[in-house]
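Novice: Mind having a look at this structure? Questions to follow.
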Amino acid sequence: TDEPAGRGIGPVLEVKEALKVLEQKPNRPLDLEIRAINLAANLLDLCLSDSPKKLQEEVKQNHGNGIGWATHILQSGQALQKMHEIIKAQGGNENVTSHDLKPGKYHYEDKSPRRGIITDINSKNLTVIAKILGAPSQKGAGIFLQKKIVEKVTKGDLLYTIYSESAYNLKEAKESLLQFPIFT
């Protein structure tokens, strides 16, 4: 892919965005939601092809196809409910929400030096910087992209924020951005 689905890179930021999709928050990453629905729809269609005719007819009548069925499961809250059940079964806080998840306390905001349009996100450099920040072992480490490909920027616009649980890692990442830029 040309860019990540969603805007968060790193454990907490990615989980936070996934929960926003499950919670159907207005500020959820729609590109991540669309990818998830398409993947779920393909899996549901695959499973449905070997299912009893009665179930196939019921799904077709109520949802049309796998995309309709997957969309219903997400929008009805069933997917979120199942996620909470999985979290509970693994010994986690079943009542966790996207609002509860916070990235690392050390952060740096990078702003655009000029106006223009984002034409490229270097995924390899994103990975390098995320690792320097401490991801994935430091759960709060990561990068949140304020801008993505084809989005307009003006001078001074926030491009991204980097987070770390360590002041040292943040300093190293800031210095490394000179050699491993995220945007062009």
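The values are calculated or read from the model by the stated rules, or taken from the named source; none is laboratory data. Bear in mind the structure is a predicted one, so any value in this text is a computation, not a measurement. Cβ: placed from backbone, ideal geometry, glycine included. Neighbour counts: every protein chain shown. Surface accessibility is based on the protein's heavy atoms, side chains included, excluding ligands, DNA and RNA. Shrake-Rupley method; radii C 1.70, N 1.55, O 1.52, S 1.80 Å.
Novice: Among the listed residues Gly92, Gly104, identify the single one that is surrounded by 11 or more Cβ atoms within 10 Å (Cβ to Cβ) and without any contact (Cβ under 8 Å) to a residue 60 or more places away in the chain. Walk me through how you get there before you give the answer.
Specialist: On the way: Gly104 fails: without any contact (Cβ under 8 Å) to a residue 60 or more places away in the chain.
Testing whether each residue is surrounded by 11 or more Cβ atoms within 10 Å (Cβ to Cβ) and without any contact (Cβ under 8 Å) to a residue 60 or more places away in the chain leaves just Gly92.
Novice: May I pose another question? Kindly indicate the residue of the range 1-53 that is more than 21 Å from Leu133 (Cβ to Cβ) and acidic (Asp, Glu) and also surrounded by the fewest Cβ atoms within 10 Å (Cβ to Cβ) among those meeting that condition.
Specialist: Asp50
Novice: If Arg115 passes every condition in (1) within 25 Å of Thr184 (Cα to Cα); (2) open to solvent by 40 Å² or more (accessible area, probe 1.4 Å); (3) under 22 Å from the mean Cα position of the chain (by Cα) but one, which one does it miss?
Specialist: (3)
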